[in-house]
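Worksheet for the structure shown next.
The values are calculated or read from the model by the stated rules, or taken from the named source; none is laboratory data. If you're wondering where the values come from, they're calculated on a predicted model, not measured in any experiment. With ideal geometry, Cβ positions are generated from the backbone for all residues, glycine too; neighbour counts draw on all protein chains shown. The area values use the complete protein model at the heavy-atom level, side chains included, leaving out ligands, DNA and RNA. Shrake-Rupley method; radii C 1.70, N 1.55, O 1.52, S 1.80 Å.
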Amino acid sequence: MLRKLSIGAMIGAAAITLSVAPTATAAPSKAPAPRPVLQTTLYYDDSQAAEFQDAVAAGVKVWNDNVQNVKLVEAQPGARAEIQIIADNGWPRAIVGPVRPGGRVQVWFGRQAVTQGYDTTRIASHELGHSLGLPDMKPGPCTSLMSGSTAGVPCKNPVPNSTEKARVEANYRTGATSSSPFAGSLVVDAP
């Protein structure tokens, strides 16, 4: 429907008439409500990680930036943590989870891999991946975090690929208590 507005000014002998279409008002659309994320919080203790505390913090950040169903938080001194990280002179190794609140797994941040030139953030992220229920996927490319040492010393990728992220999300979806077939296994990440 058009409305006509007359402007009372005359230009020459003609009056100016404007036709204006009414503004359409759209009904407010209802976006679906976002699905609530039921996040599991797991605490880690890096007080025995020695010179690798910064690498552990970087590995924790990688996981916290890439998954929603689980969050890793540094435990207060003296508090019990689900993930205990210990520096030692061997190869990096870990107990495979998925660890649950109140449970406990250990990660050994082995200096042997660092001495050979492997990236410390990748090591930390990889070993934390074990705590979250991911087994090794060896051999594998650098794009697979869980390929570990088989990706070679030049590989610096600390980020899980989409399959690895999805598996961790599934491990912690709605606080589920499902377990990996590898849960409780000790994996040593030597080449």
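Values computed for the structure shown
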{"quantity": "Selection within region 117-143 - open to solvent by less than 30 Å² (accessible area, probe 1.4 Å) and among the hydrophobic types (A, V, I, L, M, F, W, C)", "calculated": "123, 124, 128, 132, 134"}
{"quantity": "Sole exception among (1) within 21 Å of the chain's Cα centre (by Cα); (2) in contact (Cβ under 8 Å) with a residue 60 or more places away in the chain for residue 119, by number", "calculated": "(2)"}
{"quantity": "Residue 30, sole failed condition from (1) modelled with pLDDT under 95; (2) of a type in the set (Lys, Arg); (3) buried (at least 17 other Cβ atoms within 10 Å of the Cβ)", "calculated": "(3)"}
{"quantity": "Close pairs (8 angstrom Cβ cut-off, 6 or more residues apart or separate chains): more than 18 Å from residue 61 (Cα to Cα) in region 154-168, acidic (Asp, Glu) and open to solvent by less than 80 Å² (accessible area, probe 1.4 Å) anywhere", "calculated": "155/119"}
{"quantity": "Unique match (being among the basic types (Lys, Arg), out of contact with any Phe, Trp or Tyr (no Cβ under 6 Å at 6 or more places or on another chain) and not in a helix (DSSP H, G or I)) among 165, 156", "calculated": "156"}
{"quantity": "Selection status of residue 64, touching a Leu at 6+ places or on another chain (Cβ under 8 Å), within 19 Å of residue 53 (Cβ to Cβ) and free of Cβ contacts under 8 Å to residues at least 24 places away in the same chain", "calculated": "yes"}
{"quantity": "Residue list for region 151-191, filter: open to solvent by 30 Å² or more (accessible area, probe 1.4 Å), of a type in the set (Val, Ile, Thr) and modelled with pLDDT of 95 or more", "calculated": "153, 159, 163"}
{"quantity": "Which listed residue is open to solvent by less than 40 Å² (accessible area, probe 1.4 Å) and modelled with pLDDT of 95 or more, from 114, 105", "calculated": "105"}
{"quantity": "Tabulated pairs, region 74-87, first touching a residue at least 24 places away in the same chain (Cβ under 8 Å), second of a type outside the set (D, E, K, R) and open to solvent by 20 Å² or more (accessible area, probe 1.4 Å), C-beta under 6 angstrom, 6+ apart or interchain", "calculated": "75/43; 81/43; 82/43; 82/103; 84/106; 86/48; 86/108; 87/50"}
